[in-house]
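The values are calculated or read from the model by the stated rules, or taken from the named source; none is laboratory data. Computed from a prediction, not measured in an experiment: that's the story for all the values here. Methodologically, a virtual Cβ is constructed for each residue, glycine included, from the backbone with ideal geometry; neighbour enumeration extends over all protein chains shown.
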Amino acid sequence: MKDKENQTGKEENLLTKILKERCPNCGKGEVFKKKNSIFELPVMNDKCEKCQYYFDREPGYFIGAMYISYGLAVLQGILTFLIINTFFSEVSTIYLVLIIVAVIAAFSLKNYKLSRIIYMHIFPD
Ligand SMILES: [Zn+2]
């Protein structure tokens with residue numbers, strides 16, 4: 001169904017493009033190269049294979065993505081705290097902190113990729 005929509009040229013919405021890690025310009029090309037294992041660090045393509053859009057606009061372009069990554073990590077920490085505090089209220093504070101740190105560490109590579117893609121959508125030029 002979804003592939004059929006893409007073949008008709010219907011553009012995917014913004015959230016879908018971000019979550020699928022697609023080019024901010026055309027929404028079709030992959031921003032990151034395929035990984036061989038989950039422990040491999042993400043590597044960006046230089047440009048979109050579909051529309052030739054350059055992802056790294058200028059030196060230091062992605063420094064601002066650090067703030068988005070920080071915001072995502074804080075959001076995940078708060079959500080983890082709320083879930084644990086609501087459903088497992090007897091967990092002691094030290095374990096609560098360790099669980100929050102573990103969740104943030106587990107999502108760090110995803111945050112790295114998402115923050116760069118969100119940043120490219122906010123500042124396309
Ligand atoms: Zn593209």
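Here is a yes/no grid of residues against (1) under 17 Å from residue 14 (Cα atoms); (2) surrounded by 15 or more Cβ atoms within 10 Å (Cβ to Cβ):
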site: 44; (1), (2): no, yes
site: 54; (1), (2): no, no
site: 60; (1), (2): no, no
site: 70; (1), (2): no, no
site: 81; (1), (2): no, yes
site: 124; (1), (2): yes, no
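Answer yes or no as to whether residue 113 is charged (D, E, K, R) and in contact (Cβ under 8 Å) with a residue 24 or more places away in the chain. Taking the combined requirement at face value, the residue satisfies it. Residues that are assigned to a loop (DSSP other than H, G, I, E, B) and modelled with pLDDT of 90 or more within the stretch 29-41 comprise 29, 31, 33, listed in sequence order.
Does residue 84 qualify as being touching a Leu at 6+ places or on another chain (Cβ under 7 Å) and among the β-branched types (Val, Ile, Thr)? Yes; evaluated as a whole, the condition is true for this residue.
Conditions tested, residue by residue: (1) outside any loop (DSSP other than H, G, I, E, B); (2) of a type in the set (Asp, Glu).
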| residue | (1), (2) |
| --- | --- |
| 56 | no, yes |
| 68 | yes, no |
| 77 | yes, no |
| 82 | yes, no |
| 91 | no, no |
| 101 | yes, no |
| 112 | yes, no |
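Of the set (1) within 16 Å of the ligand (Cβ to nearest atom); (2) within 14 Å of the chain's Cα centre (by Cα); (3) closer than 15 Å to residue 115 by Cβ; (4) free of Cβ contacts under 8 Å to residues at least 40 places away in the same chain, all apply to residue 20 but (3). Within the stretch 28-55, the set of residues being more than 7 Å from the ligand (Cβ to nearest atom) and under 19 Å from residue 124 (Cα atoms) comprises 30, 31, 32, 44, 45, 46, 47, 49, 52, 54, 55.
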